[in-house]
Amino acid sequence: MRASQLLLPTVKEDPAGAEAISHKLMVRAGLVRQLAAGIYVYLPAGWRVMQKIAAIIRGEMDGIGCQEMLMPVINPAEIWQQSGRWDAIGGELFRFKDRKGADMALAMTHEEVITWLAAREVHSYKQLPQLWYHIQTKERDEARPKSGVLRTREFIMKDSYSLDVSYEALQESYAKHIAAYDRIYARCGVEAMMVEGDSGMMGGSVSHEYMAYADAGEDEIVFCRACGYAANVEMAVAGADREPPQSESQAAAGAGAAVDLTVDEVRSTPGAKTIDQVVEFLGLPARAFMKALVVTVEDGAEGRQVMVLLRGDHELSELKLRKALGAEFRLATADEVLAAQGIAPGYVGPEPTTLPVYADEVLRRGHYVAGANKADHHRTGVSLAMVPQATFCDLRKARAGDPCPQCAADLDGARVIEVGNIFQLGTKYSEPMGATFLDVDGKEQPIVMGSYGIGLARIAAAAIEQHHDGNGIVWPPSIAPFEAHLVLVRASDEVQAALAEQLYAELAAAGLDVLFDDRDMSPGIKFKDADLLGCPAQIVVGKRAPEGVVELKDRASGERRDVPVAELALALGELLGRG
RNA sequence: CGGGGUGUGGCUCAGCUUGGUAGAGCGCUCGGUUCGGGACCGAGAGGUCGGCGGUUCAAAUCCGCCCACCCCGACCA
């Protein structure tokens with residue numbers, strides 16, 4: 001491809017509002033343009049990256065016997081009503097009516113279509129297992145698109161589905177996907193880790209998420225270098241705290257502290273409503289406090305209130321609380337808190353309270369400062385021995401430094417991008433949608449299903465997050481828009497131009513993806529563009545063209561060396577890792 | 001959906017507080033000089049200041065409503 005003819009609109013300045021590095025670089029390098037919130041145009045170079053990622057995914061999916069097909073984005077409402085998701089999913093599902101007034105939906109994933117297909121075409125255990133996939137646009141009316149291509153309302157996903165005769169058989173399909181996914185990320189040059197997931201709206205029981213390390217990621221995981229345990233912080237088991245409660249270490253240190261945590265006493269804390277403010281006011285660490293949240297449980301027509309207790313320095317895992325309650329919940333409004341506890345948020349405490357209490361495990365021990373249920377006052381010496389109705393459970397988010405729940409080593413933490421996930425759906429869709437088969441005994445059974453997704457753009461973005469420098473993107477060779485960027489320094493120099501043309505023809509003939517910068521522009525612009533775009537090899541035809549020598553630059557290391565034209569093919573092969 | 005912010009040439013932004021001739025840098029066009037790390041000189045093109053309404057002799061600027069986009073939160077196969 002000739003740069004003089006390629007639509008590659010590079011820009012010098014970061015786009016307004018962009019924060020994620022991948023977002024800035026994808027726009028600056030001329031890979032994408034935003035049409036509307038969370039809706040992007042893939043420009044030629046960006047689309048090449050997507051196609052390369054798709055090709056790697058295809059290869060690996062085909063490799064485990066998964067069959068490619070194509071399912072429609074437009075779905076009749078009927079199948080979504082059958083699966084129950086028409087009602088279960090809120091505004092995230094794009095809905096519209098066709099000209100006849102029939103309800104339609106834009107598919108956000110394809111379980112319904114797959115199950116519809118399976119119900120019609122799969123009848124016997126002899127046809128199973130089946131592995132089906134497609135690479136198709138997904139539509140989701142995200143509440144908040146963000147971070148460029150990381151969270152969008154329209155995106156391309158590889159989604160595959162397994163159909164099996166039993167849960168045991170499903171394990172095999174699941175294992176095949178795990179193996180394929182590991183290879184896909186490795187081949188794309190993205191470092192990702194499999195963690196336990198929450199199955200969320202997909203339903204089912206077992207699920208895992210593939211997480212790629214990136215500061216721009218919106219998820220956080222903890223993982224153990226010693227034993228390999230890894231989980232989303234929402235999910236991860238928060239092990240016991242190594243340190244004793246603050247009140248015990250304070251007691252051990254002897255008397256004389258300004259505030260004795262073990263003494264039951266009401267103290268005036270005017271204006272101090274948040275943990276940070278009370279910490280400041282009393283001069284105690286956050287872990288000396290107990291924070292009381294009042295939440296409204298939405299398991300009846302009218303919500304009921306429940307008090308949730310966490311240590312001051314811990315964060316609530318909403319997922320864990322949802323599981324403990326067995327119902328959805330939300331933070332209570334100020335009015336609800338006042339009605340339920342008789343005090344406005346800010347000074348709520350468990351002593352006394354008539355509400356059901358759910359307390360995090362670490363609060364079993366120790367004395368804490370808690371709200372005094374009186375405006376502008378907190379109370380010391382509060383221990384949960386005073387709250388007999390308290391139910392203890394693991395409610396807090398795990399964090400780096402916590403002991404690993406499997407081997408007790410220290411957990412590490414990382415921000416991550418979710419680049420894929422796999423679910424054991426079971427019969428969640430096959431039962432309501434009547435996707436059954438006859439087993440060996442002639443008995444009708446629901447098909448046991450799994451679903452497996454990978455977002456292509458997220459792989460591209462994660463690759464950039466993991467591989468870039470101050471000058472631009474440093475693509476892994478496997479997914480770079482071009483393998484080599486041939487830079488003609490002086491287009492007006494006949495010798496240089498002739499040599500560049502010759503190399504362009506030869507490299508292309510050798511099957512290499514080459515971008516030939518034949519533009520008549522100042523060299524600085526060309527070099528900057530080449531670094532920004534980030535193709536792994538740069539071949540610079542310049543001063544030494546008359547001798548038949550060009551410069552080969554390794555984008556990743558920045559190393560450059562002069563190479564006689566005759567040796568270029570070999571040197572390029574080495575640089576690109578083709579041996 | 002709640003909170004905050006922004007909207008001015010293609011891009012990034014200033015101007016708005018205190019109403020009075022619409023600006024800069026980059027990009028673009030033409031001519032010339034340059035030519036290995038986003039060159040220089042000269043001459044140009046390009047804007048209903050997000051939209052509608054209001055106040056005023058006069059609105060980019062003040063007021064109201066709406067829209068779009070961004071950020072935080074809620075939500076998230």
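The values are calculated or read from the model by the stated rules, or taken from the named source; none is laboratory data. Values in this document were obtained by computation on a predicted structure and should not be read as measured data. Positions of Cβ are backbone-derived with ideal geometry, glycine not excepted, and every protein chain shown enters the neighbour counts.
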Inset, instruction - For segment A:131-138, indicate whether the set of residues that are at pLDDT 95 or above, under 30 Å from residue A:14 (Cβ atoms) and under 24 Å from the mean Cα position of the chain (by Cα) is non-empty. - result: yes
Inset, instruction - Please enumerate the residues belonging to segment A:517-541 that are away from RNA strand B (no atom under 12 Å from the Cβ) and over 17 Å from residue A:29 (Cβ atoms). - result: A:518
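Working carefully through the options A:77, A:45, A:37, find the one that is farther than 30 Å from residue A:127 by Cβ and crowded, with 16+ Cβ neighbours inside 10 Å.
Going through A:77, A:45, A:37 in turn, just one is farther than 30 Å from residue A:127 by Cβ and crowded, with 16+ Cβ neighbours inside 10 Å: A:45.
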Inset, instruction - Working carefully through the options A:191, A:196, A:172, find the one that is away from RNA strand B (no atom under 16 Å from the Cβ), in contact (Cβ under 8 Å) with a residue 24 or more places away in the chain, under 28 Å from residue A:215 (Cβ atoms) and assigned by TED's automatic domain parsing to the domain that holds residue A:115. - result: A:191
Legend entry - The listed residue being surrounded by fewer than 18 Cβ atoms within 10 Å (Cβ to Cβ) and farther than 22 Å from residue A:229 by Cβ, out of A:440, A:382: A:440
Legend entry - Conditions (1) more than 12 Å from RNA strand B (Cβ to nearest atom); (2) part of a helix (DSSP H, G or I); (3) in contact (Cβ under 8 Å) with a residue 24 or more places away in the chain: number failed by residue A:566: (3)
Legend entry - From A:424, A:466, residue being of a type outside the set (Gly, Ala, Ser), in contact (Cβ under 8 Å) with a residue 24 or more places away in the chain and either farther than 30 Å from residue A:174 by Cβ or buried (at least 22 other Cβ atoms within 10 Å of the Cβ) (or both): A:424
Inset, instruction - Would you be able to say whether some residue in segment A:530-552 is of a type in the set (D, E, K, R), touching a strand residue (DSSP E or B) at 6+ places or on another chain (Cβ under 7 Å), under 17 Å from residue A:8 (Cα atoms) and in contact (Cβ under 8 Å) with a residue 12 or more places away in the chain? - result: yes
Inset, instruction - For residue A:259, work out the one condition from (1) at pLDDT 85 or above; (2) farther than 16 Å from residue A:194 by Cβ it doesn't fulfil. - result: (1)
Inset, instruction - Please give the strands (runs of 3 or more DSSP E) falling wholly within segment A:287-358 in which 3 or more residues are surrounded by 19 or more Cβ atoms within 10 Å (Cβ to Cβ) and at pLDDT 85 or above. - result: A:290-297, A:304-311
Inset, instruction - Could you tell me which residue of segment A:469-485 is surrounded by the fewest Cβ atoms within 10 Å (Cβ to Cβ), considering only residues that are within 23 Å of residue A:506 (Cα to Cα) and aliphatic (A, V, I, L, M)? - result: A:479
Inset, instruction - Select from segment A:318-367 the residues that are in contact with a His (Cβ under 8 Å, 6 or more places away or on another chain) and under 23 Å from residue A:398 (Cβ atoms) and list them in ascending order. - result: A:360, A:362
Inset, instruction - Select from segment A:152-172 the residues that are of a type in the set (Lys, Arg) and either at pLDDT below 95 or not in a strand (DSSP E or B) (or both) and list them in ascending order. - result: A:153
Inset, instruction - Report the residue count in segment A:262-315 for those that are of a type in the set (S, T, N, Q) and within 26 Å of residue A:328 (Cβ to Cβ). - result: 3
Inset, instruction - Being at pLDDT 95 or above, out of contact with any helix residue (DSSP H, G or I) (no Cβ under 6 Å at 6 or more places or on another chain), in the same structural domain as residue A:167 (by TED's automatic domain parsing) and hydrophobic (A, V, I, L, M, F, W, C) narrows it down to one of A:449, A:433, so name that one. - result: A:449
Inset, instruction - Output the residue which, of all residues in segment A:92-140 that are free of Cβ contacts under 8 Å to residues at least 60 places away in the same chain and among the aromatic types (Phe, Trp, Tyr), is surrounded by the fewest Cβ atoms within 10 Å (Cβ to Cβ). - result: A:96
Inset, instruction - May I ask you to list the residues in segment A:363-396 that are β-branched (Val, Ile, Thr) and closer than 14 Å to residue A:291 by Cβ? - result: A:369, A:382
Legend entry - Condition broken by residue A:544, with the remaining ones in (1) within 10 Å of RNA strand B (Cβ to nearest atom); (2) touching a Lys or Arg at 6+ places or on another chain (Cβ under 9 Å) satisfied: (2)
Legend entry - Test for residue A:28: is it near RNA strand B (Cβ under 8 Å from one of its atoms) and at pLDDT 95 or above: yes
Legend entry - Boolean, residue A:369 is under 24 Å from residue A:220 (Cα atoms), outside any loop (DSSP other than H, G, I, E, B), assigned by TED's automatic domain parsing to the domain that holds residue A:258 and touching a Phe, Trp or Tyr at 6+ places or on another chain (Cβ under 9 Å): no
